[in-house]
Amino acid sequence: QVQLVESGGGLVQPGRSLRLSCKASGSVFGLYTMAWYRQALGKEREWVADITSFLNTNYADSVKGRFTISRDNAKNTAYLQMNSLKAEDTAVYYCHVTYRTDGYWGQGTQVTVSS
């Protein structure tokens, strides 16, 4: 079982930045594939970005060039740096871990982009 704790969400004006953090339990964090998903009110959860144990990264087209996913294996933590935020980025952001055939979700953190 992997526990995930997200932090860093909040209210921010359009064009500004936020950095989300996801701290994971476990002694094999370096082997996890870490991902971020988001779910806007009334919409389905969607994949945002992921980073593999080999540090390969992938992004949804909607965030490419604005968001950066990274990880610090020494801290068991993954990050999502979000720049040039837009109103349509407003959602609950969830951290997800994939390890072998298992997947785990965090509790989510709210990001609201509004003036």
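The values are calculated or read from the model by the stated rules, or taken from the named source; none is laboratory data. All values reported here derive from a predicted model rather than from experimental measurement. All Cβ positions, glycine included, derive from the backbone under ideal geometry; neighbour counts span all protein chains shown. Accessible surface is based on the protein model in full, side chains and every heavy atom, while ligands, DNA and RNA are left aside. Shrake-Rupley method; radii C 1.70, N 1.55, O 1.52, S 1.80 Å.
Suppose we filter region 77-115 for residues that are open to solvent by less than 30 Å² (accessible area, probe 1.4 Å) and either on the phi > 0 side of the Ramachandran plot or without any contact (Cβ under 8 Å) to a residue 60 or more places away in the chain (or both); how many remain?
5
Kindly indicate the residue of region 18-40 that is open to solvent by 50 Å² or more (accessible area, probe 1.4 Å) and in contact (Cβ under 8 Å) with a residue 24 or more places away in the chain and also farthest from Val113 (Cα to Cα) among those meeting that condition. Lay out the reasoning, then the answer.
Taking region 18-40 as the starting set, the residues that turn out to be open to solvent by 50 Å² or more (accessible area, probe 1.4 Å) are 19, 23, 27, 31, 37, 39.
Okay, now just the ones that are also in contact (Cβ under 8 Å) with a residue 24 or more places away in the chain, so 19, 23, 31, 37, 39.
Values: Arg19: 13, Lys23: 23, Leu31: 33, Tyr37: 16, Gln39: 14 Å.
Restricting to residues being open to solvent by 50 Å² or more (accessible area, probe 1.4 Å) and in contact (Cβ under 8 Å) with a residue 24 or more places away in the chain, the top hit is Leu31.
Considering only region 42-90, state which residues are hydroxyl-bearing (Ser, Thr, Tyr), in contact with a Leu (Cβ under 7 Å, 6 or more places away or on another chain) and within 19 Å of Gly8 (Cβ to Cβ).
Of the residues in region 42-90, the ones hydroxyl-bearing (Ser, Thr, Tyr) are 52-53, 57, 59, 62, 68, 70, 77, 79, 84, 90.
Going one step further and asking which of them are in contact with a Leu (Cβ under 7 Å, 6 or more places away or on another chain), we end up with 53, 79.
Of everything in region 42-90, just one residue is hydroxyl-bearing (Ser, Thr, Tyr), in contact with a Leu (Cβ under 7 Å, 6 or more places away or on another chain) and within 19 Å of Gly8 (Cβ to Cβ), namely Tyr79.
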